[in-house]
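Here the structure comes first, spelled out in structure tokens, and everything after it is commentary.
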Amino acid sequence: MVPLNCEITDLRAVIAVADAKSFQRAADQLNLSQPALSRRMQKLEASIGTALLERTTRNVRLTPAGEEIVPLLRRLLEELDTSLLGMLALGERQAGRLTIASIPSAMVRFLPEVLERFGQEFRNVRVRVLDLSATECAEAVRTGEAEFGITLPVTSDGDLAFEPLIDDPYGLVCRQDDPLAALADPSWSDLVGRRLVTVHMGSGNRTALEAGLARAGVELRWFYEVTRLTSALALVQAGLGPSVLPRLACQGPDARDLVWRPLRGGEVVRTIGVLRRASAPLSVAASRLMTLLAAAWVGR
């Protein structure tokens with residue numbers, strides 16, 4: 001028997017599409033782009049060997065195979081969640097420290113509420129969060145300093161496994177008094193010729209951005225280059241110019257007085273997920289925290 005090649009997030013996604021009867025509505029609920037959600041569905045259907053969804057001009061409905069399989073997936077996920085919740089008593093008895101790594105934008109946006117939930121279940125486990133860049137996250141996981149990282153994909157590395165959780169789109173970020181802020185539907189062409197702030201070429205964020213721009217056929221003028229996203233926000237705040245940054249990076253206190261807008265003319269995204277050592281089993285506490293993170297992202 002050929003093993004099923006899919007992720008838990010794929011299973012939750014197909015259930016979301018079946019319930020919403022629309023890829024767009026399901027994508028909005030999951031905080032994914034519609035193309036990313038479609039890729040997940042195509043991968044799952046290819047792995048199963050049959051179509052689960054029938055796409056029409058008006059809506060999406062289950063195929064006969066989907067009618068049989070989706071209820072099984074619901075029960076599977078319910079049993080999985082129930083089994084994980086059964087670890088609560090063990091969590092109460094466990095003590096020690098769990099170390100994870102995280103890029104700053106995920107730290108600001110999602111980790112606080114997830115850590116609060118985790119703390120209710122594992123009251124005696126202290127959590128140490130390493131606030132690092134994507135490259136530094138990968139190194140912390142590789143060396144074992146962190147059990148897992150919430151970060152961007154790394155280059156091919158057989159020692160590390162990456163599970164994508166969310167697509168985070170890049171967009172325009174500028175001051176409220178910048179003329180670009182008044183545009184209701186800005187496009188990439190509106191940025192041509194502007195002195196733009198960016199992060200340096202060695203960062204995972206810049207790598208993802210340049211790859212997306214190349215696919216979209218967009219060429220921009222980077223004028224100020226910094227090391228971290230927070231520094232880019234500071235330069236934008238100071239009025240040195242607009243920038244192109246991920247949405248999550250612009251939802252923290254550093255961007256409180258700035259404007260973020262999606263850009264028309266080709267979506268560019270970075271993928272955030274969980275990075276772990278492929279051959280190292282996770283502790284019970286780390287496994288539960290990963291589950292809570294996945295649930296938090298898929299629910300958005």
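The values are calculated or read from the model by the stated rules, or taken from the named source; none is laboratory data. On a predicted model such as this, the values are computed, not experimentally measured, just so you know. When we count neighbours, we look across all protein chains shown, and the Cβ atoms used for this are built from the backbone with ideal geometry, even at glycine. Note: areas computed on protein heavy atoms with side chains; ligands, DNA, RNA excluded. Shrake-Rupley method; radii C 1.70, N 1.55, O 1.52, S 1.80 Å.
Close amide H partners of residue 63, meaning residues 5 or more places away or on another chain with modelled amide H under 5 Å apart, are 53, 54.
Each of 231, 259, 110 was scored by the projection of its Cα onto the charge dipole of the chain, and the greatest displacement toward the positive side belongs to 259; charges sit on the C-beta of Lys, Arg, Asp and Glu.
Given the Cα-Cα distance of residue 251 and residue 128 and 0.36 nm per residue of separation, how much length would full extension add, in nm?
Values: separation 123, 0.36 × 123 = 44.28 nm, distance 2.29 nm.
Additional length available on full extension: 42.0 nm.
If you average the C-alpha positions of segment 268-300 and of segment 247-262 separately, how far apart do those two centres end up, in angstrom? Taking the Cα centre of each part, segment 268-300 and segment 247-262 sit 24 Å apart. Shown here: P(r) over Cα pairs in 20 Å bins from 0, in percent, derived from the displayed model; of the candidates [x] 29, 53, 18, 1; [y] 30, 56, 14, 0; [z] 33, 57, 10, it corresponds to [y]. Dipole magnitude for segment 226-300: computed about the Cα centre from +1 point charges on Lys and Arg Cβ and -1 point charges on Asp and Glu Cβ, it is near 220 debye.
Counting only heavy atoms of the protein chains, get the accessible area per residue of segment 193-268 (1.4 Å probe) and round it to a whole Å² value. Kindly include the intermediate steps, with their values, before the conclusion.
Working: 3740 Å² over 76 residues.
Spelled out: the 1.4 Å probe surface of segment 193-268, per residue, equals 49 Å².
Under the criterion of Cα pairs below 8 Å and six or more residues apart, the relative contact order for the chain equals 23 percent. Computed across segment 220-283, the Kirkwood hydrodynamic radius from all distinct Cα-Cα pairs reaches 14.2 Å.
I'd like to know how segment 1-71 sits against the 2.2 N^0.38 Å rule of thumb: what's its Cα Rg over that expected value? Could you put the intermediate results ahead of the total?
Working: Rg = 11.4 Å, N = 71, 2.2 N^0.38 = 11.1 Å.
Taking N as the residue count of segment 1-71, the ratio is 1.02.
What a 1.4 Å probe finds exposed on the chain is 51% carbon and sulfur by accessible area, rounded to a whole percent.
Label-to-label distance, residue 201 versus residue 139, with points set 7 angstrom from Cα along the beta-carbon direction: 2.0 nm. Only the Cβ atoms of Lys and Arg (+1) and of Asp and Glu (-1) were treated as charged; on that basis the dipole of the chain about its Cα centre amounts to roughly 220 debye. Measure nothing fancy, just the Cα-based angle from helix 134-143's long axis to the longest principal axis of the chain, in degrees from 0 to 90, nearest 10. Roughly 40 degrees between the two axes.
Rounded to the nearest 0.05, what FRET efficiency is calculated for residue 63 and residue 25 with R0 set to 25 Å and r the Cβ-Cβ distance? Working shown, then result.
Values: r = 19 Å, r/R0 = 0.76.
Once the sixth-power term is evaluated, E becomes 0.85.
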